[in-house]
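J.: Here you go, one structure.
The values are calculated or read from the model by the stated rules, or taken from the named source; none is laboratory data. Remember, predicted model here, so these are calculated numbers, not experimental data. In this analysis, Cβ positions are derived from the backbone assuming ideal geometry, glycine residues included, and neighbour counts consider all displayed protein chains.
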Ligand code: HEC
């Protein structure tokens, strides 16, 4: 940096025209100083002669320094030639042969006493930190939340046994009229063999539940069941909105759980050929195939 500005200064003095030309010389001066400025950036292109000149003030400082050290006031090359009297040149301890003794470094400043902490910083340092195990727990929380969200949901019907699913369907759709455990209400009782007396075969009951009172009356007849019960005021809704799986398991619940029937696949099979149940044929087939392979007794 220092060298560069020096060089520019040198150029300026070198290229400055004679102070005689009035307006013309002023124009020259401007033009040349512009070239000099550009030259600063175009240095490699313009190939200025490389001159290293030491400015006067540095020389003066060097001279002062040398004389202060007793090495002779003027530099200029003759300092080395002039023998320096050792008595004045030497600091008391250093060896006589040393040509330029290094001045003793200033004694290191005593270490500053540490600044006292600001009150709130000190308070923060005193405060008890969050223990490491709590940090681990904090990191684990989102993971736990994910596990909770994805593994802890209510089991779907796929995971329930047929009897458990039937109980669920009954509780949701039928218990209001037939009683929570089939004891009867606005609808007739199911429990204690009552439903088995009406429908000795499961297939007939499935059809009844699917069609409801109105559907039965219009598509089958005015009476239903083994005892030819009158389809009364028609209070039994049609449950064709249930899936085939739900229909079969709820009937299974009423027969097996509430009335204690022993499961027999042959009592169910006629539903597979019943044209009135054609809508649910595929689902019924699937369920009955599974029940035939593994009877739904649990
Ligand atoms: C709104 C009330 C109501 C609901 C809900 C209801 N039922 Fe009924 N249920 C009746 C009535 C009323 C009868 C009698 C029908 C008649 O006399 O025409 C009946 C009769 C029956 C019968 C014949 C019983 C017999 O011995 O006569 C069965 C089986 C039956 N319902 C099953 C079901 C099933 C399964 C559900 C649930 C999916 C269900 N019901 C939901 C009112 C209801």
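This table checks each residue for (1) away from the ligand (no atom under 13 Å from the Cβ); (2) within 22 Å of residue 163 (Cα to Cα).
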position	(1), (2)
188	no, yes
195	no, yes
202	no, yes
239	no, yes
246	no, yes
275	yes, no
281	yes, yes
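J.: So, of the residues in region 159-186 that are within 7 Å of the ligand (Cβ to nearest atom) and assigned to a loop (DSSP other than H, G, I, E, B), which turns out to be surrounded by the fewest Cβ atoms within 10 Å (Cβ to Cβ)?
T.: Restricting to residues being within 7 Å of the ligand (Cβ to nearest atom) and assigned to a loop (DSSP other than H, G, I, E, B), the top hit is 186.
J.: Every residue in region 206-224 that is within 16 Å of residue 273 (Cβ to Cβ) and within 10 Å of the ligand (Cβ to nearest atom), please.
T.: 206, 210 - these are the residues of region 206-224 that are within 16 Å of residue 273 (Cβ to Cβ) and within 10 Å of the ligand (Cβ to nearest atom).
J.: For residue 267, indicate whether it is surrounded by fewer than 20 Cβ atoms within 10 Å (Cβ to Cβ) and more than 10 Å from the ligand (Cβ to nearest atom). Step through it out loud before you land on a result.
T.: Details: surrounded by fewer than 20 Cβ atoms within 10 Å (Cβ to Cβ): yes; more than 10 Å from the ligand (Cβ to nearest atom): yes.
Spelling it out, residue 267 is indeed surrounded by fewer than 20 Cβ atoms within 10 Å (Cβ to Cβ) and more than 10 Å from the ligand (Cβ to nearest atom).
J.: While we're looking at this one, here's another question. Which number in (1) touching a residue at least 60 places away in the same chain (Cβ under 8 Å); (2) assigned by TED's automatic domain parsing to the domain that holds residue 171; (3) farther than 23 Å from residue 188 by Cα marks the one condition that residue 254 misses?
T.: (3)
J.: Go through the residues of region 227-234 one by one and say whether even a single one is away from the ligand (no atom under 14 Å from the Cβ), part of a loop (DSSP other than H, G, I, E, B) and either surrounded by fewer than 18 Cβ atoms within 10 Å (Cβ to Cβ) or in contact (Cβ under 8 Å) with a residue 12 or more places away in the chain (or both).
T.: Step one: of region 227-234, the residues away from the ligand (no atom under 14 Å from the Cβ) are none.
For region 227-234, residues away from the ligand (no atom under 14 Å from the Cβ), part of a loop (DSSP other than H, G, I, E, B) and either surrounded by fewer than 18 Cβ atoms within 10 Å (Cβ to Cβ) or in contact (Cβ under 8 Å) with a residue 12 or more places away in the chain (or both): absent.
J.: Shifting gears a bit: Being out of contact with any strand residue (DSSP E or B) (no Cβ under 9 Å at 6 or more places or on another chain), in a loop (DSSP other than H, G, I, E, B) and in the same structural domain as residue 182 (by TED's automatic domain parsing) narrows it down to one of 238, 282, so name that one.
T.: Result: 238 is the single residue among 238, 282 that is out of contact with any strand residue (DSSP E or B) (no Cβ under 9 Å at 6 or more places or on another chain), in a loop (DSSP other than H, G, I, E, B) and in the same structural domain as residue 182 (by TED's automatic domain parsing).
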